[in-house]
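Structure first, then comments.
The values are calculated or read from the model by the stated rules, or taken from the named source; none is laboratory data. Computed from a predicted model, the values in this text were never measured in an experiment. For neighbour counting, all protein chains shown are included, and Cβ atoms are generated from backbone atoms with ideal geometry for every residue, glycine included. The protein model used for the area step is the full one, side chains on, heavy atoms only, and it has no ligands, DNA or RNA in it. Shrake-Rupley method; radii C 1.70, N 1.55, O 1.52, S 1.80 Å.
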Amino acid sequence: MNTHGVIGVVGAGEVGQAVADQAIRHGHEVLIGNSRGPGTLEALVDRLGQKARAVTAEEAAKPELVFLCVPFFAVPELSDLTTWDGKQFAAANPWRGRDDVGDLTGSEWVARHLPGARVVKALNTLFGPFIAADPRHAEGRLVAFYAGDDVDAKAAVAGLLDEFGFAALDLGGLREGGRLMQLDGALSAKHLLLQDVG
């Protein structure tokens, strides 16, 4: 069931491609954009198929649900891409070195740069190939942790993760949950399976 219509993906690296692939596999249309422009994404959208469209980063940021798949240093450049008010926003930042965000968690820092966005940190502990693969295994489903401060946005992202086949587990708010997921956090780069009982 596609409750969001079109999904936006900002960033077309390994993680952005993996998210787009999952969304398309489950019947969603995807607008994917990057900083270099749609012309650089032609081969990618050919591979992803008819439900994918290469667009500018501005266009990719327009749907109600947007996945941000860019390195940390690129986040401040996104502030003016769109009006972020009310958007449900999943941040799946690929790791590219460390940034000083002071006392904030990475996801709180992202939220500050995108005023009005309802930020949900998700898929942040998983490497791209694990996001792209089928998360359902004989032993259980791959866990996708998520955290956020907006109940409705979290529910929307969790529903999409469940639809993709992940075992979506809520870690609470951006501060406490984000700290567990970010680099050096207890769950960073952990690929865990949940065995469903009953």
Inset, instruction - Please go through the stretch 1-50 and write out the trypsin sites (Lys or Arg not before Pro) that DSSP classes as loop and that have at most 16 other C-beta atoms within 10 Å. - result: 36
Inset, instruction - Grab every C-alpha pair in the stretch 135-196, bin the distances at 5 angstrom width from 0 up to the longest one, and report whole percents. - result: 4, 20, 25, 24, 19, 7, 1
Legend entry - Rel. contact order, % - alpha carbon contacts under 8 angstrom, at least six apart, the chain: 18
Legend entry - 1.4 Å probe accessible area per residue over the stretch 144-198, in Å²: 47
Inset, instruction - Filter the GluC sites (Glu not before Pro) in the stretch 110-198 to those in DSSP coil with at most 15 other Cβ atoms within 10 Å of their Cβ, and list the result. - result: 139
Legend entry - the stretch 131-154 and the stretch 14-70: distance between their alpha carbon centers, rounded to Å: 20
Legend entry - Exposed chymotrypsin sites (Phe, Trp or Tyr not before Pro) absent - longest run of the chain, DSSP non-H/G/I/E/B, at most 16 other C-beta within 10 Å: 1-94
Legend entry - When the chain is reduced to its Cα atoms, the Kirkwood hydrodynamic radius in Å: 16.5
Inset, instruction - Summarise the accessible area of the chain (1.4 Å probe, protein heavy atoms) by the percent that is carbon and sulfur. - result: 52
Inset, instruction - State the antiparallel share, in %, of DSSP beta bridges confined to the chain, rounding to the nearest 5. - result: 20
Legend entry - Estimated [θ] at 222 nm from DSSP helical runs (n ≥ 4, -39500 (n - 2.57)) normalised by residues in the chain, nearest 500: -8000 deg cm²/dmol
